[in-house]
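Read the structure below first, then the notes.
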Amino acid sequence: MDILFLGTGAGVPGKLRNVSSLALRMLNERGAIWLFDCGEATQHQILHTSLKPRRIEKIFITHLHGDHIFGLPGLLGSRSFQGGELPLTVYGPKGIEEFLRTALRVSGTRLRYELNIVEMDEGLVFEDHHMAVEARRLDHGIDSYGYRLQEKDKPGILLVDELKKDGVPPGPLYKEIKEGRPVTLEDGRLIDPKKYTGAPQKGKTIAILGDTRPCEAAVALAKEADLLIHEATFSAETPKMAHDYFHSTTVQAAEIAKQARAKALILNHISSRYTKEEEGMLKQEAEAVFGPVVLAHDLMEFFI
């Protein structure tokens, strides 16, 4: 899995940063892409990447402020024009369905694929054999959610040398054994897959938060996560402004990561008031509290 940041700015597009959107690529795991938020011009950002809109399987919206949703109708339409035919599901707070259905109806946009819209609340939002997604309400001016993505544990590595030693011939049977299914050989032997696979590999945990002040829900979502992506709209020098606008500072994001015992922190949703020369200062503020810290920038790729 890897994460591609399509927009890392706050509020309005800037010269250095577009507004919010990031893509979680799981091409090896499920042949799909999940999008988190879709601010204005997200599809323009996608043009600078190898992402294929038809591969987008799910879109998770954190909240309904424009810098997080204004790119959504255009992207949905373009996905249809570009040959996307597989169903797509959009998850978001109450109101996301009215916003999308109205935009598509008024613009006369007809989709060639099935669009499912789930207006969610707190709790388990999605689960299948590969991933579980939990949502919690954060502390913002309107309903804003954070998501905790828990990858299911993966089968252990196949002990090929042991199989060969016991006379199990290479071929399709190896795939069956790796997937945990007992197989019967031509000589009648029943092969127990547990004997020929290593210990299960623990799945990764990622917390992706919407706009928020520091809150207990953020800590819960990020608990012992392999990666926390937290907004850091403001510098540590302006905590009152951050509070008044229902946002967080760099230091507050780092404090959440520390309380949650997360393994890594990416600062996201940076105000356009900060110049490129000031980015080092923002990162250093967070690093004084927690590490490792990465300051996100548009089109940055992060491997998990």
For this session: Within the range 23-44, track down each residue that is more than 20 Å from E127 (Cα to Cα) and surrounded by 23 or more Cβ atoms within 10 Å (Cβ to Cβ).
Result: C38, G39, T42
For this session: Just name the residue that is farthest from R136 (Cα to Cα) out of those in the range 83-106 that are free of Cβ contacts under 8 Å to residues at least 24 places away in the same chain and of a type in the set (K, R).
Result: R105
For this session: Evaluate the following for R30: is it in contact (Cβ under 8 Å) with a residue 40 or more places away in the chain, out of contact with any Cys (no Cβ under 8 Å at 6 or more places or on another chain) and not hydroxyl-bearing (S, T, Y)?
Result: yes
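May I ask you to list the residues in the range 54-87 that are closer than 15 Å to R110 by Cα, of a type in the set (S, T, N, Q) and modelled with pLDDT of 95 or more?
Hit for the range 54-87 is S78, nothing else.
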Exercise. If you scan the range 107-129, which residues turn out to be without any contact (Cβ under 8 Å) to a residue 12 or more places away in the chain and part of a loop (DSSP other than H, G, I, E, B)?
Worked result: G108, D128
For this session: Restrict the check to the range 124-137 and report whether at least one residue is more than 32 Å from the chain's Cα centre (by Cα), of a type in the set (F, W, Y), farther than 23 Å from A264 by Cα and surrounded by 11 or more Cβ atoms within 10 Å (Cβ to Cβ).
Result: no
For this session: Would you mention how many residues in the range 104-120 are over 19 Å from W34 (Cα atoms) and either exposed (fewer than 15 other Cβ atoms within 10 Å of the Cβ) or not assigned by TED's automatic domain parsing to the domain that holds T212 (or both)?
Result: 6
For this session: Quick one: T184 ticks every box in (1) of a type in the set (S, T, N, Q); (2) surrounded by fewer than 16 Cβ atoms within 10 Å (Cβ to Cβ); (3) assigned by TED's automatic domain parsing to the domain that holds K58 except a single one, so which number is it?
Result: (3)
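I need the full set of residues from the range 226-280 which are assigned to a loop (DSSP other than H, G, I, E, B) and in contact with a Pro (Cβ under 7 Å, 6 or more places away or on another chain), in order please.
Quick first cut of the range 226-280, residues assigned to a loop (DSSP other than H, G, I, E, B) only: 226, 232-233, 235-238, 245-248, 261-264, 269, 272-275.
Hits for the range 226-280 are S248, A264.
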Seminar exercise, completed: Residues in the range 13-22 that are surrounded by fewer than 20 Cβ atoms within 10 Å (Cβ to Cβ) and touching a Ser or Thr at 6+ places or on another chain (Cβ under 7 Å) total 1
Seminar exercise, completed: Note on the range 45-54: residues surrounded by fewer than 15 Cβ atoms within 10 Å (Cβ to Cβ) and of a type in the set (S, T, N, Q) are T49, S50
For this session: Can you tell me which residue among Y196, Y274 is modelled with pLDDT of 95 or more and either of a type in the set (S, T, Y) or within 30 Å of E176 (Cβ to Cβ) (or both)?
Result: Y274
For this session: Have a look at D244, D298 and point out the one that is modelled with pLDDT of 95 or more and under 13 Å from T8 (Cα atoms).
Result: D298
Problem set entry | Filter pass, V90 being exposed (fewer than 13 other Cβ atoms within 10 Å of the Cβ) and at pLDDT 95 or above | no
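The values are calculated or read from the model by the stated rules, or taken from the named source; none is laboratory data. Only a predicted model underlies this, so the values are computations on that prediction, with no experimental measurement involved. Every residue, glycine as well, gets a Cβ built from its backbone with ideal geometry; the counts of neighbours run over all protein chains shown.
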